[in-house]
Every structure is written in C-alpha cells, then in structure tokens.
1. Working carefully through the options I69, I10, I49, find the one that is part of a helix (DSSP H, G or I), in contact (Cβ under 8 Å) with a residue 12 or more places away in the chain, of a type outside the set (F, W, Y) and surrounded by 15 or more Cβ atoms within 10 Å (Cβ to Cβ).
2. For V90, only one of the following conditions fails: (1) touching a strand residue (DSSP E or B) at 6+ places or on another chain (Cβ under 9 Å); (2) of a type in the set (A, V, I, L, M, F, W, C); (3) surrounded by fewer than 16 Cβ atoms within 10 Å (Cβ to Cβ). What is its number?
3. Of the conditions (1) of a type outside the set (A, V, I, L, M, F, W, C); (2) surrounded by 14 or more Cβ atoms within 10 Å (Cβ to Cβ); (3) at pLDDT 95 or above, Q64 satisfies every one except a single condition; which number is it?
4. Just to check your reading of the model, which residue among K79, K24, K83 is of a type outside the set (F, W, Y) and farther than 30 Å from D126 by Cβ?
5. For V93, are the conditions met, namely being closer than 22 Å to I145 by Cβ and not in a helix (DSSP H, G or I)?
6. Could you tell me whether region 87-99 includes any residue that is over 22 Å from the mean Cα position of the chain (by Cα) and under 30 Å from E137 (Cα atoms)?
7. Let me spell it out: the conditions are (1) of a type outside the set (F, W, Y); (2) surrounded by 15 or more Cβ atoms within 10 Å (Cβ to Cβ); (3) at pLDDT 90 or above, and H115 meets all of them except one. Which number is the exception?
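The values are calculated or read from the model by the stated rules, or taken from the named source; none is laboratory data. Remember, it's a predicted structure, so these values are computed and weren't measured experimentally. Neighbour counts are summed over all protein chains in view; Cβ atoms, including those assigned to glycine, are modelled from backbone coordinates with ideal geometry.
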Amino acid sequence: MKIDKLDLEIIKHLQEDARLSFRKLGKTLGIPHTTVFTRAERLVEKGIISKFSAVLRPHELGLQMGVIIIDAAPSESKKIAQKLATLNEVQNVYRTFDGKIISKVVVPNQSGKTHVGFEEFLTKLDDCNFTAYPIHEVVKFDNTIHTDTLKTLDIYSDK
C-alpha cells in the first residue's frame, strides 16, 4: 500500500486529536468528508492506524512507571516476551536480535510508598535475569510518529 500527502495530513491531524470528526477534518483540508472517511478506513484496514483512542499520561495520574530489560537466550526470548505481554501492567514489549527484552510497565503506587508497586510487579518475573529501572521523571511523552519520518518511508508515494 502506498500513502500520499493527503494520507499524511489525515494521519497528522488524527494523531493530534483522534476525536476530530471527519467532517471537520474535511473542511480543514478542503476535501469532502467522505474522502477523509474512505482514506481513514483504508489506513485502518491496512494496519497503518491500529485504533483511535485517548492517550493517558500515567505519570500525571500518579502511577509508577518503569523499564525492565530481560537478558534471555535468543531461543527463549520470544516465549518470555509473549508471557510478559499478557501481564496487565505491561504496556510495551520489544525484542532485540540478541535475546534482550525491553518492556515498559505502569503500576499503581502503594499508599505513597516509593517503588513498592514496581517491586511487587518484579516478583512476577520468576527466574528471569533482568535489570529494572523505575522512572523518576518523564521528560518527553509522545506516542505519535512525526510526518517528516513518515515521508521517508518506502510506502510514501509523493517523494
């Protein structure tokens, strides 16, 4: 599937505000809302847009965040990553070629006690060889992909 400038504009606006109506977005872009709807549906069907949702900022809600790096044998890393992905506290799971698993977790704070929720979560990791990093401060929190990056992709047709 190829995407063009119009697809990028639709993606950019929906990343900024997923509640934006297709009618309003059509007016902003100077195109019929039916075109916005058709393009957005195609982006969903092709898996470029996975869903429309509210993005919560866990640190603003008073939740504890942390990063865990598990050093696993490459032959075991997929199984461990899949198990980790089933845990409710886990938001992201990434595997590297050399068997490392990197995960972001979000847990409740326990009665204002620093890192207690995070430490309790770590007990779920059984016999894994891991390093845990509780997050002290969030400097940047962004789940969007910048349009300049999207323009570099092979699927972008208006280069």
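1. Criteria check complete, one pass: I10.
2. Result: V90 passes all but (3).
3. (3)
4. K24
5. Yes, satisfied.
6. Yes.
7. For H115, the exception is condition (3).
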